[in-house]
Amino acid sequence: MSLTTKNLEIYDPREFAKSGNTRSGCIQQMLDIHGGFMSWEGVKNVLEIGCGIGDVTEPCFLPLLPRDLERYVCSDVSLGVLEAARTRFHGLEHIEYFQLNIENPIDNGLMSKFDRILSTFCFQYVKNQRQAYENIFNALVPGGDCWIVILGNAAAFETLFLLAETSKWKNKLRNIHDILVFPYRNVPEPEKMAENLLKSIGFSDIYVKLQDFKPNYNTVEGFRANVESLPNVCELSKEDLAELHDDQVDVGKDLNFIDDFYIPGKPVFQPLFQSLVIYAKKP
């Protein structure tokens, strides 16, 4: 089972939107810190992989686009969220929409078509990392580049992983690690691991940086909204899902990262939200 199949096809855009401020805030910070070396001069064709409902695209990427842009392709495996992006950007010129599973070999029509490829918070769900990056390499024109943010670890997901080890949830969440891949979770040298993969594919000018971000977990309501935005990857019933979210909140309290329930002197779970920022160029 993979998250790139039916799990995201049933992803509710309304629930996904609940984490929009966290995701866009993080990406804007990543761009401010790690995006300054990207020149947009001469960038005419852009592909975004895993655009979701466009709530990162709109505030973070669209303002950067040059005036002579020819096309910006929003792609996602989920037709539901892709349609939500189409509605969001209705009337904007040069934006196209394309259903894409980045784990499958790309269509010949995408080969050597893009000057820049962007992706945020998508690749932690990708099991076949090599195929995904080979697809990016093949879709870029010579001299084209990619800028990718992949979630390495996060408290909201960690509550799921911990609950999956309990007798209560072990059976219902038994496939969790097959679906939520998180290839850099608990890896000793994630930056080196990513760099070696990119080098082996043929990328140059590689830049990989592990970066922490502090999400707003001030209240139970804020954290619950975040976990409710996660996809129902194990296809739980409505009742089970609500109970799972209750238990995630309880785990969050126990891990001491919800400010309203902070216990001085007790260790706080880390990292709350840690990403790898990846830049690489096709020679």
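The values are calculated or read from the model by the stated rules, or taken from the named source; none is laboratory data. Computed from a predicted structure; not experimentally measured. With ideal geometry, Cβ positions are generated from the backbone for all residues, glycine too; neighbour counts draw on all protein chains shown. Side chains are part of the model used for accessible areas, which takes the heavy atoms of the whole protein and leaves out ligands, DNA and RNA. Shrake-Rupley method; radii C 1.70, N 1.55, O 1.52, S 1.80 Å.
In region 69-81, what residues are modelled with pLDDT under 95, more than 15 Å from the chain's Cα centre (by Cα) and open to solvent by less than 80 Å² (accessible area, probe 1.4 Å)?
Start the filter on region 69-81 by keeping residues that are modelled with pLDDT under 95, which leaves 76-81.
Okay, now just the ones that are also more than 15 Å from the chain's Cα centre (by Cα), so 79-80.
If the condition is that a residue be modelled with pLDDT under 95, more than 15 Å from the chain's Cα centre (by Cα) and open to solvent by less than 80 Å² (accessible area, probe 1.4 Å), then 80 is the only one that fits.
What number of residues in region 109-162 are touching a strand residue (DSSP E or B) at 6+ places or on another chain (Cβ under 6 Å) and of a type in the set (Phe, Trp, Tyr)?
Going through region 109-162 one residue at a time, the tally reaches 4.
Check 216, 153, 138 and return the single one that is under 30 Å from residue 45 (Cα atoms) and either assigned to a helix (DSSP H, G or I) or polar (S, T, N, Q) (or both).
None of the other options fit; the residue is 138.
Cβ contacts < 6 Å: first residue of a type in the set (D, E, K, R), restricted to region 225-248; second residue assigned to a helix (DSSP H, G or I) and open to solvent by 30 Å² or more (accessible area, probe 1.4 Å), any location; separation 6+ or different chain. Result?
228/15; 228/18
Identify all residues within region 41-62 that are within 13 Å of residue 118 (Cα to Cα) and either without any contact (Cβ under 8 Å) to a residue 12 or more places away in the chain or surrounded by fewer than 16 Cβ atoms within 10 Å (Cβ to Cβ) (or both); write none if there are none.
62
For the list (1) among the acidic types (Asp, Glu); (2) over 20 Å from residue 70 (Cβ atoms); (3) touching a strand residue (DSSP E or B) at 6+ places or on another chain (Cβ under 7 Å), I need the number of the one condition that residue 165 fails.
(3)
So, of the residues in region 237-257 that are open to solvent by 20 Å² or more (accessible area, probe 1.4 Å) and part of a loop (DSSP other than H, G, I, E, B), which turns out to be nearest to residue 155 (Cα to Cα)? Steps first, please.
Within region 237-257, the subset open to solvent by 20 Å² or more (accessible area, probe 1.4 Å) is 237-243, 246-247, 250-251, 253-255.
Next, only the ones that are part of a loop (DSSP other than H, G, I, E, B) stay: 237, 255.
Numbers: 237: 23, 255: 9 Å.
Of everything passing the filter in region 237-257, 255 is nearest to residue 155 (Cα to Cα).
Sort out which residues of region 191-225 are open to solvent by less than 80 Å² (accessible area, probe 1.4 Å) and in contact with a Gly (Cβ under 6 Å, 6 or more places away or on another chain), and write them in order of number.
Residue satisfying the conditions is 223 alone.
Would you mind finding the one in 161, 273, 182 that is free of Cβ contacts under 8 Å to residues at least 40 places away in the same chain, open to solvent by less than 30 Å² (accessible area, probe 1.4 Å) and aromatic (Phe, Trp, Tyr)? Break it down stepwise before answering.
On the way: 273 fails: free of Cβ contacts under 8 Å to residues at least 40 places away in the same chain; 182 fails: free of Cβ contacts under 8 Å to residues at least 40 places away in the same chain.
Residue meeting the stated conditions: 161.
Return the residue satisfying two criteria in turn: it lies in region 121-158 and is more than 23 Å from residue 233 (Cβ to Cβ) and either under 10 Å from the mean Cα position of the chain (by Cα) or of a type in the set (Asp, Glu) (or both), and of such residues it is surrounded by the fewest Cβ atoms within 10 Å (Cβ to Cβ).
134
Just a yes or no: is a residue in region 249-268 without any contact (Cβ under 8 Å) to a residue 40 or more places away in the chain and in contact with an Asp or Glu (Cβ under 8 Å, 6 or more places away or on another chain)?
No, every residue in region 249-268 fails to be without any contact (Cβ under 8 Å) to a residue 40 or more places away in the chain and in contact with an Asp or Glu (Cβ under 8 Å, 6 or more places away or on another chain).
Only one of (1) of a type outside the set (A, V, I, L, M, F, W, C); (2) buried (at least 16 other Cβ atoms within 10 Å of the Cβ); (3) part of a helix (DSSP H, G or I) is not met by residue 260, so which one is it?
The single condition residue 260 does not satisfy is (2).
Taking the stated definitions as given, is residue 118 under 24 Å from residue 207 (Cβ atoms), within 14 Å of the chain's Cα centre (by Cα), in contact (Cβ under 8 Å) with a residue 24 or more places away in the chain and open to solvent by less than 40 Å² (accessible area, probe 1.4 Å)? Lay out the reasoning, then the answer.
Values: under 24 Å from residue 207 (Cβ atoms): yes; within 14 Å of the chain's Cα centre (by Cα): yes; in contact (Cβ under 8 Å) with a residue 24 or more places away in the chain: yes; open to solvent by less than 40 Å² (accessible area, probe 1.4 Å): yes.
Answer is yes for this residue.
Could you grab the pairs with beta carbons closer than 7 Å, sequence gap of 6+ or different chains, first residue in region 90-113 and in contact (Cβ under 8 Å) with a residue 12 or more places away in the chain, second one open to solvent by 70 Å² or more (accessible area, probe 1.4 Å)?
94/70; 97/86; 99/79; 103/127
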